[in-house]
Structure formats: C-alpha cells, structure tokens
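Student: The structure under discussion is supplied below as structure tokens; questions concerning it will follow.
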Amino acid sequence: MTDEVELFNQQEFLTDYWQKKQLLIRSYLPHFKDPVDPEEIAGLACEEMIESRLVRQQEANWSLQHGPFSEAEIMELPNRDWTLLIQAVDQWLEPVANLKRQFSFLPDWRMEDVMVSFATDGGGVGPHFDNYDVFLLQGAGSRRWQIGPCCNQETPLRADSELRLLVDFHSEEEFCLNPGDVLYIPPRISHYGISTGNSLCYSIGFRAPSYGEMLMGFTDQIINDLLAEKRFVSHELKPNGHPGEIDPDMLVETLAELVQITNNPEQFLLWFGCHTTEPKYPELIESLEGALLPDDILRKLKTHCLLVKSPSSRFAYMTRPSVLHLFVDGRHFPLSGNALEAVQLLCERNKFESSEADFLINIKEIRVLLAALLNQGSLILR
C-alpha cells in the first residue's frame, strides 16, 4: 500500500522508499504556482524541434499521435478525454527547469528531464508501468491516480497501441492529487492517472540505464582501445582425430582473458562519467564561433553580465585519490584537487554573475577549463 506523508524527510525517503515503494507527499510544494500555462504547452506542441505527443481515449480504445501539431489541430480538439504531452520542457523554459532543484537531494546525473502534460477532463495515458523512477508533481487542477501491482518484462501489454498499455490492470488503491502534491512511483509499479477537469502535471523522470546498455557502451570503448593484433590464440594445440570438435577448455581460457580485459574499474568509471553526461539533445548545444583562449576569459567577463550553462548540458564530477574528474556533455576533463570547490560550483549552479565568476578564474587550470567549455557550447556568456 502507498504511504502518505505531509512532512517529507529526505533520508527516510532514500532509506525506505527510493526504488522500493511508492509514496504520496501531500503539499510537497505548498502554494505551488505553475511555471507554465496550457497556452504555452499548446504552443510548444507546434514547434518542430520539440518532442510532443497527443493521447486520445474513446471508451477502451486509445490513440497516439506525434507532433508537431498545427494550431488548427489543437483548436479542433474536443473538450475532454485527451492529453497533450511535451517532453523535456526544462530544455526550453527556465522556470520549469528550476523545478528540478526541488529534488536536488538526488544526484543530478540521474535526472532525465521534466515532461509536462496538459489533460482535459477524463484525459490520461492509460494504465502502464515505467522502468525508471518518477515524481509526479500536480499542477493546476487535480488528477485521480490508481496504483496497481508491480510488473515485469513478462507482463502482457496490449498489441493495438504504441503506448505500452497493460492488458489487465487491477487497481489496488486510489487517491486524488491536488496542486503541490507529489506522488513518487518506483520502477515497474503500474499506475493510471485520470484528469478531473483540466489539469497540469509535471513528471520528473530519472535515468535508469539497463545493464545491457552499459555493457554495450563500455565494451564498445574497450573494443576501440584494443590493439588490432590482439586476437584469439590456441595454446598447446594437439593433434585431433575429430576436426569438427571445439575444445571447451580452450574457450574457457579465452573467456578468462576477455574478463580480465573488461575488469578495469578505473576505465569503467571514466567511461560511465562520459556516458552519463552525454546530452539528450546534443544538437541544441552550439559550439562557439572562433576559439576562445584561457587568457580571454577575464576580458570576456568584463563585457558580459552572466556565465550560464547551456540548458541541454550535463555536468558531473568524480573524486579519486590522485585526480579530480569532471565530465561535461560526454567529455572528460582531468583536474587537480585544487579545482574541487570550483568544479562543485560549476556542477551545482546554472548561472554566475560576472562578479561571482571571478572566483572561478583565480585558478589557471579553471581558466583553461572554462575556455574549453565555452568553446564547446556547454557554457555561454550573456
């Protein structure tokens, strides 16, 4: 059963609920005001570069349509039973991106994006489950949520829809979310939200790469780094009267060598840092025209008011005994321990006033770093 709390304790949540059990948090954001309105959502759905979807329901039948949509298509929609979904609104609207700060007790690199849905009365996306953690923050209006059992890859899905809807959904409990309420849903817990009147909902989703994805990515890097002449060899080969036979002992030795090649923790850590900071929309990060040199940083800061992160960029760092690793948009920047405070600020803040940025440029290697990040478009001067 879903627990319900009014006073949220971060440590208690991480210990008892994170990736274990759903939790309803009443008034998580008291007096919550929507950072976006339905008209803006409709406008975003008409943009070519923005991922949008329209879900409609007629009795037991569901339809999914991908955007962009024309203004006429939006205006012609009926008064009920549809939902408009806009992916990664945090990439486009800073007030929506600021919602992620409300969940900063979790690692930034785990956060995927903020999806916003506008639903009319009776609208929803059907009973389903996700393979990742999600916080559902209720905006204007209200939604009724039904929670069902835990699912897995064997759970039957309807074949007549792209929406991955459950064939059989049995609600075990139900409750209504009002503005400022948050419902946390761990991976694979089935759920179904239905709008009561018109409503807005903000889905703060978290990344959950599969082991298969990680194995493929890490081994791809290992393969790229291997010397071409590193090949299969047969040690102590003996005459065999059965040329069709494969010697299993020989393959066990080969497997041991392959395992030894992949058993490199430091290499895995560096690969993971690059992998987890790869931007979801790299095409939105524009590199600087004309290379900026480290010595240009001071002059540039005097003529610009702000140093800001690209909304599409991802920053993370890792401390090791002899080096500090910074990862930005899939690139690795090794630094000394002296840069730790500056790196932490870069990872935790989205913008710096020019006067604040003076602290960052006091260290030479940080000036070199800032120049590289400005050149690749991860940082922007305004």
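Student: For the stretch 342-355, enumerate the residues that are in a strand (DSSP E or B) and of a type outside the set (D, E).
Tutor: Selection gives K351, F352.
Student: Given the residues S203, S195, S210, which is the only one that is out of contact with any Lys or Arg (no Cβ under 8 Å at 6 or more places or on another chain), polar (S, T, N, Q) and surrounded by 16 or more Cβ atoms within 10 Å (Cβ to Cβ)? Steps first, answer last, please.
Tutor: Details: S195 fails: out of contact with any Lys or Arg (no Cβ under 8 Å at 6 or more places or on another chain); S210 fails: surrounded by 16 or more Cβ atoms within 10 Å (Cβ to Cβ).
Criteria check complete, one pass: S203.
Student: Which fully enclosed strands (runs of 3 or more DSSP E) of the stretch 262-341 have 1 or more residues being within 16 Å of R382 (Cα to Cα)? Working first, answer last.
Tutor: Details: elements: 306-309, 315-319, 324-328, 331-335.
Passing ranges, in order: 306-309.
Student: What tally of residues in the stretch 278-303 results from selecting those that are over 24 Å from the mean Cα position of the chain (by Cα) and either within 15 Å of L360 (Cα to Cα) or loosely packed, with under 15 Cβ neighbours inside 10 Å (or both)? Reasoning before the result, please.
Tutor: From the stretch 278-303, those over 24 Å from the mean Cα position of the chain (by Cα) are 288-303; that's our starting set.
Keeping just the survivors that are either within 15 Å of L360 (Cα to Cα) or loosely packed, with under 15 Cβ neighbours inside 10 Å (or both) gives 289-291, 293-303.
Qualifying residue count, the stretch 278-303: 14.
Student: Is it true that F333 is touching a helix residue (DSSP H, G or I) at 6+ places or on another chain (Cβ under 7 Å) and either buried (at least 19 other Cβ atoms within 10 Å of the Cβ) or modelled with pLDDT under 90 (or both)? Quick ask: steps written out before the conclusion?
Tutor: Values: touching a helix residue (DSSP H, G or I) at 6+ places or on another chain (Cβ under 7 Å): yes; either buried (at least 19 other Cβ atoms within 10 Å of the Cβ) or modelled with pLDDT under 90 (or both): no.
Against the criterion (touching a helix residue (DSSP H, G or I) at 6+ places or on another chain (Cβ under 7 Å) and either buried (at least 19 other Cβ atoms within 10 Å of the Cβ) or modelled with pLDDT under 90 (or both)), F333 does not qualify.
Student: For residues in the stretch 250-277 being at pLDDT 90 or above and among the aliphatic types (A, V, I, L, M), which is surrounded by the most Cβ atoms within 10 Å (Cβ to Cβ)?
Tutor: L270
The values are calculated or read from the model by the stated rules, or taken from the named source; none is laboratory data. Just so it is clear, the model here is predicted, and its values are computed rather than measured. Quick reminder, even Gly has a Cβ in these numbers, built from the backbone with ideal geometry, and neighbours come from all protein chains shown.
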